[in-house]
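> My structure is below; once you've seen it, I'll send some questions.
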Amino acid sequence: MIANYGYEDGSGFYYITIDGDLCAVCSHRRCVEACPQGVYAIEMDDYDEFVAVVTEAARKRLRELCSPCKGQNGGGGPQHRLPCTSACPAGALRHSW
Amino acid sequence: MLVAGIDVGAKNVHAVLLRDGVPIARVVVASGFDHEGSAGRGLDEAAALAGVRKEDIDRVAATGAGRKALVFAADQPTEIAADARGAFALFPPARTVIDVGADEARAIRLGPGGKVVDFAINEKCAAGAGAFVEAMSRALEMSLEEFARVSLDSTEVIPMNAQCTVFAESEVVSLIHANTPPADIARAVHDAMAGRVSTVVRRIGIEDPVVLGGGTALNAGFVKSLSCALGGVAIQVLGEAPYLGAHGAALIAWDAAQGA
Amino acid sequence: MDGQREFWRWSERSWQAPDLDRQAVTAVTAGIDVGSVSSQAVLLAGGRLVSFFSTRTGSSSPDSAVRAFKGAGEPLGITLDDVSYTVGTGYGRVNVPFADRTITEIACHARGANFMAGPAVRTILDMGGQDCKVIRCDERGKVLNFIMNDKCAAGTGRGMEVIADVLSVPIEEIGRRSFEIDDEPPPVSNVCTVFAKSEATSLLRAGWSVERVLAAYCAAMAQRVAGLIERMGVEREFFITGGIGKNVGVTRRIERLIGVEALRLPEDSVFDPQIAGALGAALFAHSLHRKREKERGVAAGAGAVMPPVDTAARKDLWPPAAGR
């Protein structure tokens, strides 16, 4: 299962994408510690697999929580390395910005 | 020489009259549905206040969302240009200018000489603008002034889950039912809005000194929350903050009149 | 006068299988969907739909869960003691005090839509009271991919309630009346519900008819949602669940924008798009109960297990008129 959590504002759509199939086979779960805002948690999904999710509380505030990492000095484009995506050894985590 | 700047916002029209570059009158009138009519009224009142005739105004510049409706305005600078010009005049060292009005929040990064380097706008969402705090103060049946004041007395930080104004209204109502102290609710509302505005500011980066304009700058509770949301940065509230855009527009008219 | 009318109020709905032999109602499983705006309960007996109830969510999620359950159970004399397994879902799912397990509304809507509209469904648009999601699923109703937005009233049931009140139009008439216009107006420019409210007022002052303003508002809502669908891509068949799924003013305009028609339930269908989440939860409850019984059965060396979901029964309820 691929999950897309995100928001929309005047400049477009932004999403965090988590590929559950890639995430479930990885045992590192480094994203949880890597995120300075505590956006991620490991939870059992509806099909009994343990995967990273964006926590319920964070889903409503992604715009705000992710802005310190992604927004500094105008953001960075695809080359910009975010703590969470850099920490994920499975390549399961992507940001659309 | 007499020039005027008019800022036609969604809620209010602000007008500033300058004589030889120095403010001689400031007025605010409600925008209503007829922007041109309200702007004309604002200009009339400003002229009356300064004791001059409207016909003697040499040049008018209009900014704000409703500026296009004003056919008599020789200049129609964007809100960004007007804010930048105004902030530079009021506080020349300013590097980051934040303007939070009733329906929009803007952040502008200024370079040397007041040049606009970068800017970001929160548009089309009431949760990141003054309308949010207004709606919440209504839910608490408080005046905006009272709401701003009590928030400073808050002793406990409570989170606001709802980000959207519509949902936040219901959340505030349930907090009231749960007997949460109004001071803590007001603080939570200001924190939530400051969080939204800080997102806009972070998009352009924060560089000291930071100045704040717009009607919401008069809300000390919000200013405190915004400072926290920006990591404790010092925020200088500009004098006559609600008139920032109008003042900037007037200066643009003044610049143009001198150049002409 | 109309001053006291609550235009946003939608009617609560209750349904029970006709000619039901109360004695035959065994192996009851329940799905409870406590949303931000509405709460539903669906009861299955042996995997067959026997009752559902839909009500407004009150200030307390646990109370709303109990109220929804009672609404579905009481007409049949079913109490919590009769229920073998309960799954809670929706925004307030952690607050369903009697649930054996909670499952996200995403998985439940997919499963419910699969049951309601058939296994050909691949793309589901769930338009709820507080948010909007696009879900892609396989032929068994298992979620493959989904997209959700941060919570904003624009494009949701709550936003529609606000507009119903501002324009004094009963919410269930909005869809129909939004088509009583000579030509389609441009969508309102403000997506934000708060700003759209004042825009609607000024359009009325500018001489627009209420119907025209409704059309412009529904169009703006459709535009916003269509953007979300297009990000995910539409694979046929396409089905719309959630309360707004009943507002044709929005759904027809979404179909126009994305160029794909949504599956329609037949006129005589008992299903309601608003119960998809609770239905999915009840189906999960049925499978989980069977799994538990099987494990117990294996442990006890017995062979008796519950029957699987009775798809034949589903066909009785809803003749699967393929297409629309």
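> Consider residue B:108 against the criteria (1) open to solvent by less than 20 Å² (accessible area, probe 1.4 Å); (2) touching a Lys or Arg at 6+ places or on another chain (Cβ under 8 Å); (3) more than 16 Å from residue C:153 (Cα to Cα): it satisfies all of them except one. Which criterion is unmet?
Against the list (1) open to solvent by less than 20 Å² (accessible area, probe 1.4 Å); (2) touching a Lys or Arg at 6+ places or on another chain (Cβ under 8 Å); (3) more than 16 Å from residue C:153 (Cα to Cα), residue B:108 comes up short only on (2).
> Sticking with this structure for a sec: Going through C:156, C:104, C:89 one at a time, which residue ends up being touching a helix residue (DSSP H, G or I) at 6+ places or on another chain (Cβ under 9 Å), without any contact (Cβ under 8 Å) to a residue 60 or more places away in the chain and of a type in the set (Ser, Thr, Tyr)? Break it down stepwise before answering.
Working: C:156 fails: without any contact (Cβ under 8 Å) to a residue 60 or more places away in the chain; C:89 fails: without any contact (Cβ under 8 Å) to a residue 60 or more places away in the chain.
Only one candidate qualifies: C:104.
> Mind checking which strands (runs of 3 or more DSSP E) fall wholly inside the stretch B:92-166 and carry at least 1 residues that are under 16 Å from residue B:225 (Cα atoms) and in contact (Cβ under 8 Å) with a residue 60 or more places away in the chain?
Where strands (runs of 3 or more DSSP E) fall fully within the stretch B:92-166 and carry at least 1 residues being under 16 Å from residue B:225 (Cα atoms) and in contact (Cβ under 8 Å) with a residue 60 or more places away in the chain, they are B:96-100, B:105-110.
Matching residues to (1) modelled with pLDDT of 95 or more; (2) open to solvent by 30 Å² or more (accessible area, probe 1.4 Å):
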{"position": "C:75", "(1), (2)": "no, yes"}
{"position": "C:104", "(1), (2)": "no, yes"}
{"position": "C:109", "(1), (2)": "yes, no"}
{"position": "C:128", "(1), (2)": "no, no"}
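> In the stretch A:1-43, how many residues are acidic (Asp, Glu) and open to solvent by less than 60 Å² (accessible area, probe 1.4 Å)?
Counting residues in the stretch A:1-43 that are acidic (Asp, Glu) and open to solvent by less than 60 Å² (accessible area, probe 1.4 Å) gives 3.
> Being modelled with pLDDT of 95 or more, closer than 30 Å to residue B:164 by Cα and part of a strand (DSSP E or B), is that true of even one residue in the stretch B:71-91?
The answer is no; no qualifying residue exists.
> Taking the residues in the stretch B:204-218 that are open to solvent by 10 Å² or more (accessible area, probe 1.4 Å) and either in the same structural domain as residue B:14 (by TED's automatic domain parsing) or within 16 Å of residue B:104 (Cβ to Cβ) (or both) as candidates, determine which candidate is farthest from the chain's Cα centre (by Cα).
Looking at residues that are open to solvent by 10 Å² or more (accessible area, probe 1.4 Å) and either in the same structural domain as residue B:14 (by TED's automatic domain parsing) or within 16 Å of residue B:104 (Cβ to Cβ) (or both), I get B:216.
> Look at the stretch B:29-55 and say how many of its residues are open to solvent by less than 70 Å² (accessible area, probe 1.4 Å) and not in a loop (DSSP other than H, G, I, E, B).
Residues meeting the conditions: 12.
> Counting only residues that are more than 16 Å from the chain's Cα centre (by Cα) and within 13 Å of chain B (Cβ to nearest Cβ), which one in the stretch C:49-62 is modelled with the lowest pLDDT?
Applying the filter and picking the extreme gives C:59.
> If you don't mind, another one. Of everything in the stretch C:170-198, what is closer than 28 Å to residue C:105 by Cβ and open to solvent by less than 10 Å² (accessible area, probe 1.4 Å)? Give them in sequence order.
C:174, C:175, C:178, C:193, C:196
> Among the residues of the stretch C:221-234, what is the count of those that are within 11 Å of another protein chain (Cβ to nearest Cβ), open to solvent by 10 Å² or more (accessible area, probe 1.4 Å) and among the hydrophobic types (A, V, I, L, M, F, W, C)?
So the count comes out to 1.
> Considering only the stretch A:25-37, I want to know if a residue exists there that is within 13 Å of chain C (Cβ to nearest Cβ), under 14 Å from the mean Cα position of the chain (by Cα) and among the charged types (D, E, K, R). If you could, list the steps in order and put the result at the bottom.
As a first pass, look at the stretch A:25-37 and keep what is within 13 Å of chain C (Cβ to nearest Cβ): none.
The answer is no, given that none of the residues of the stretch A:25-37 is within 13 Å of chain C (Cβ to nearest Cβ), under 14 Å from the mean Cα position of the chain (by Cα) and among the charged types (D, E, K, R).
> Quick one: residue C:52 ticks every box in (1) buried (at least 18 other Cβ atoms within 10 Å of the Cβ); (2) closer than 27 Å to residue C:230 by Cβ bar one, so which box is it?
(2)
> For a quick check of your reading: which strands (runs of 3 or more DSSP E) sit entirely within the stretch C:29-140 and have at least 3 residues that are closer than 29 Å to residue A:3 by Cα?
Counting at least 3 such residues, we get C:38-45, C:83-89, C:123-127, C:132-137.
> Here's a follow-up. State whether the residues of the stretch B:187-203 include one that is within 24 Å of residue A:66 (Cα to Cα), part of a loop (DSSP other than H, G, I, E, B) and within 20 Å of the chain's Cα centre (by Cα). Walk me through how you get there before you give the answer.
To start, the set of residues in the stretch B:187-203 that are within 24 Å of residue A:66 (Cα to Cα) comprises B:187-203.
This time we only want the ones that are part of a loop (DSSP other than H, G, I, E, B), so: none.
No: zero hits.
> Could you please let me know if residue B:145 is surrounded by fewer than 18 Cβ atoms within 10 Å (Cβ to Cβ), at pLDDT 90 or above and over 28 Å from residue B:208 (Cα atoms)?
On the way: surrounded by fewer than 18 Cβ atoms within 10 Å (Cβ to Cβ): yes; at pLDDT 90 or above: yes; over 28 Å from residue B:208 (Cα atoms): yes.
Here the answer is yes, as residue B:145 does meet what is asked.
> Return the residue satisfying two criteria in turn: it lies in the stretch C:143-169 and is open to solvent by 10 Å² or more (accessible area, probe 1.4 Å) and more than 7 Å from every other protein chain (Cβ to nearest Cβ), and of such residues it is modelled with the lowest pLDDT.
Looking at residues that are open to solvent by 10 Å² or more (accessible area, probe 1.4 Å) and more than 7 Å from every other protein chain (Cβ to nearest Cβ), I get C:157.
> Another question about this same structure. Which residues, counting only those in the stretch B:129-142, are more than 10 Å from chain C (Cβ to nearest Cβ) and under 26 Å from residue B:202 (Cβ atoms)?
Answer for the stretch B:129-142, where residues must be more than 10 Å from chain C (Cβ to nearest Cβ) and under 26 Å from residue B:202 (Cβ atoms): B:130, B:133, B:136.
> Follow-up question, since we're still on this one. Only one of (1) of a type outside the set (Ser, Thr, Tyr); (2) buried (at least 24 other Cβ atoms within 10 Å of the Cβ); (3) outside the structural domain of residue C:15 (by TED's automatic domain parsing) fails for residue C:140. Which number is that?
Only one criterion is unmet by residue C:140, namely (2).
The values are calculated or read from the model by the stated rules, or taken from the named source; none is laboratory data. Values in this document were obtained by computation on a predicted structure and should not be read as measured data. Here the Cβ is made from the backbone with ideal geometry for all residues, glycine too, and neighbour counts use every protein chain on show. With ligands, DNA and RNA removed, areas are computed over all heavy atoms of the protein, side chains included. Shrake-Rupley method; radii C 1.70, N 1.55, O 1.52, S 1.80 Å.
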